[in-house]
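First up is the structure itself, then whatever we jot down about it.
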Amino acid sequence: MSMKLAPIHQYGQGKRKLLDAAARLAAREGAASLSVRALAQEAGLSTNAIYRHFESVDSLMIELIADFGGQLREGLRAARLAAPAGQPPSRTVVGWLLDFALAHPDEFVVSMRERHGALAPAKDAIEASLTRIRQEMLGDFRAQGRLPSLSDQDIDLALRVIIDQTFGLCLQCIEAPQRRSAILAEAELVFMWVMAGAATVSARPTST
């Protein structure tokens, strides 16, 4: 099933150029290497133009990551709701995610890298987006009857593992897009194995 990619939010031309330039530079050289001069040169704008849109390079990075996280959440939710009944949702959802990563490789790489970076507000924004993604996945899949009978805490842990593994596969897909079909099949197995494993472990009697 073909899903329309969620567009990056629309900004004015100058602001969009700066955000795109920041994504390219940070993906290529790391966010720590960003400077006002480098951003201006990459975007083809004056250094004064940066301060017309952002207070600092850090605030630009935070907005870039927050915008990306919002688009990611919206697209994933639309894909979950569009997953055909009677079929594993992972194919539709991960298929959309892989296409989104391929369409926005710089933003994806930067966001995943900055999850473990030094800029605390950016890390917080990423973790907040991932938490909301898990919460929305739990709610949607519960409503669709697609989850085993486990506690919300157990499901949240399983979803955390699935998301971490799947996002790692997205990075592999960016590096080798010709492997998309194989990576999608691997992601489907990860989803099924983790959920089946969680159900099996939770069904075991606890020792006293």
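The values are calculated or read from the model by the stated rules, or taken from the named source; none is laboratory data. Quantities reported herein were computed from a predicted structural model and do not represent experimental measurements. Virtual Cβ from ideal backbone geometry, glycine too; neighbours counted across all protein chains shown. Each accessible area value is taken on the protein alone, full model and side chains, heavy atoms only, with ligands, DNA and RNA left out. Shrake-Rupley method; radii C 1.70, N 1.55, O 1.52, S 1.80 Å.
Observations, loosely collected:
- Applying the set (1) part of a helix (DSSP H, G or I); (2) more than 16 Å from the chain's Cα centre (by Cα); (3) closer than 25 Å to residue 66 by Cα to residue 118 leaves exactly one unmet item: (1).
- Some residue of region 81-89 being out of contact with any Leu (no Cβ under 9 Å at 6 or more places or on another chain), part of a helix (DSSP H, G or I), over 20 Å from residue 111 (Cα atoms) and free of Cβ contacts under 8 Å to residues at least 24 places away in the same chain: no
- Residues within region 102-131 that are among the charged types (D, E, K, R) and in contact with a Gly (Cβ under 8 Å, 6 or more places away or on another chain), tallied: 2
- Residue within region 172-182 that is open to solvent by 40 Å² or more (accessible area, probe 1.4 Å) and within 17 Å of residue 77 (Cα to Cα) present: no
- Look at (1) open to solvent by 10 Å² or more (accessible area, probe 1.4 Å); (2) under 19 Å from residue 13 (Cβ atoms); (3) in a helix (DSSP H, G or I) and you find that residue 74 fails only one, number (2).
- If you check 60, 5 for being outside any loop (DSSP other than H, G, I, E, B) and either modelled with pLDDT of 90 or more or within 25 Å of residue 73 (Cβ to Cβ) (or both), only one passes: 60.
- Contacts under 9 angstrom Cβ, first residue in region 173-191 being within 30 Å of residue 148 (Cα to Cα), partner assigned to a loop (DSSP other than H, G, I, E, B) and modelled with pLDDT under 95, 6 or more apart: 188/88; 191/88
- Among the residues making up region 87-97, a single one is surrounded by fewer than 22 Cβ atoms within 10 Å (Cβ to Cβ) and either under 28 Å from residue 26 (Cα atoms) or under 14 Å from the mean Cα position of the chain (by Cα) (or both): 95.
Conditions tested, residue by residue: (1) within 20 Å of residue 77 (Cβ to Cβ); (2) open to solvent by less than 50 Å² (accessible area, probe 1.4 Å).
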{"site": "117", "(1), (2)": "no, yes"}
{"site": "126", "(1), (2)": "yes, yes"}
{"site": "132", "(1), (2)": "yes, no"}
{"site": "149", "(1), (2)": "no, no"}
{"site": "153", "(1), (2)": "no, no"}
{"site": "160", "(1), (2)": "yes, no"}
{"site": "163", "(1), (2)": "yes, yes"}
{"site": "188", "(1), (2)": "yes, yes"}
{"site": "193", "(1), (2)": "no, no"}
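- Filtered by the rule that a residue be closer than 18 Å to residue 125 by Cβ and either assigned to a helix (DSSP H, G or I) or open to solvent by 50 Å² or more (accessible area, probe 1.4 Å) (or both), region 20-52 gives 22, 23, 26, 27, 31, 32.
- Verdict on residue 37 being of a type in the set (Lys, Arg) and either touching a Ser or Thr at 6+ places or on another chain (Cβ under 8 Å) or closer than 30 Å to residue 163 by Cα (or both): yes
- Test: residue in region 161-180 that is modelled with pLDDT of 95 or more and not in a helix (DSSP H, G or I): yes
- Cross-chain or 6+ apart pairs with Cβ under 9 Å, region 43-55 first and over 13 Å from residue 15 (Cβ atoms) and among the β-branched types (Val, Ile, Thr), then part of a helix (DSSP H, G or I) and modelled with pLDDT of 90 or more: 47/36; 47/37; 47/39; 47/40
- Every condition in (1) over 15 Å from residue 184 (Cα atoms); (2) under 12 Å from the mean Cα position of the chain (by Cα); (3) surrounded by fewer than 22 Cβ atoms within 10 Å (Cβ to Cβ); (4) not aliphatic (A, V, I, L, M) is met by residue 84 except one, and the failing one is (2).
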